[in-house]
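A.B. asks: Next up is a structure, given as structure tokens.
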């Protein structure tokens, strides 16, 4: 074998490896995007439930105006967030305001027995569980992707093609527990 042939084989092997790494990083980045869209779907479902919940509680607790305004403002902030970090902060604030809304509802026995309110509670609780699962799935994909672009020798290809690390979607410590939405004993 001539030196030219060996050099050509080596160049083709390096180029083939670089192509495989590049395609793998593209696949992982797309998985991160897909996982984010799963979170987005669940958050939109949650946003759609909140106005119905607020209206139902308003029917019973008309003088609790501040709680309603706080939930509405927190919902608007969450809907306007653009990065995972901003989204996580806004979602944590929204969860806190929803807890206060449920605390208001605790004082109204007729509301706690209302079928519409109970169904909204159930749907919101289900949505919270789905959001948590989607967060875990997203964060797993982000971890795998970020690890791939940081490990040698893949980091050379990642830097060459400007792959950037993704942000985790993290809940604050106080928000890691699901809101308690169960009433009655």
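The values are calculated or read from the model by the stated rules, or taken from the named source; none is laboratory data. Quick caveat: nothing in here was measured; it's all calculated off a predicted structure. Using ideal geometry, Cβ is built from the backbone for each residue, glycine included, and neighbour counts are taken over all protein chains shown.
A.B. asks: Given the conditions (1) touching a helix residue (DSSP H, G or I) at 6+ places or on another chain (Cβ under 8 Å); (2) farther than 13 Å from residue 43 by Cβ, report the number of the one that residue 95 does not fulfil.
C.D. replies: The failed condition is (2).
A.B. asks: Now, a different point. Can you pull out the residues in region 39-48 that are closer than 15 Å to residue 73 by Cα and surrounded by fewer than 19 Cβ atoms within 10 Å (Cβ to Cβ)?
C.D. replies: Passing the criteria: 47, 48.
A.B. asks: Give, as residue ranges, the helices (runs of 4 or more DSSP H) completely inside region 46-152 that count at least 3 residues that are under 16 Å from the mean Cα position of the chain (by Cα), closer than 30 Å to residue 29 by Cα and modelled with pLDDT of 90 or more.
C.D. replies: 65-80, 84-106, 115-150
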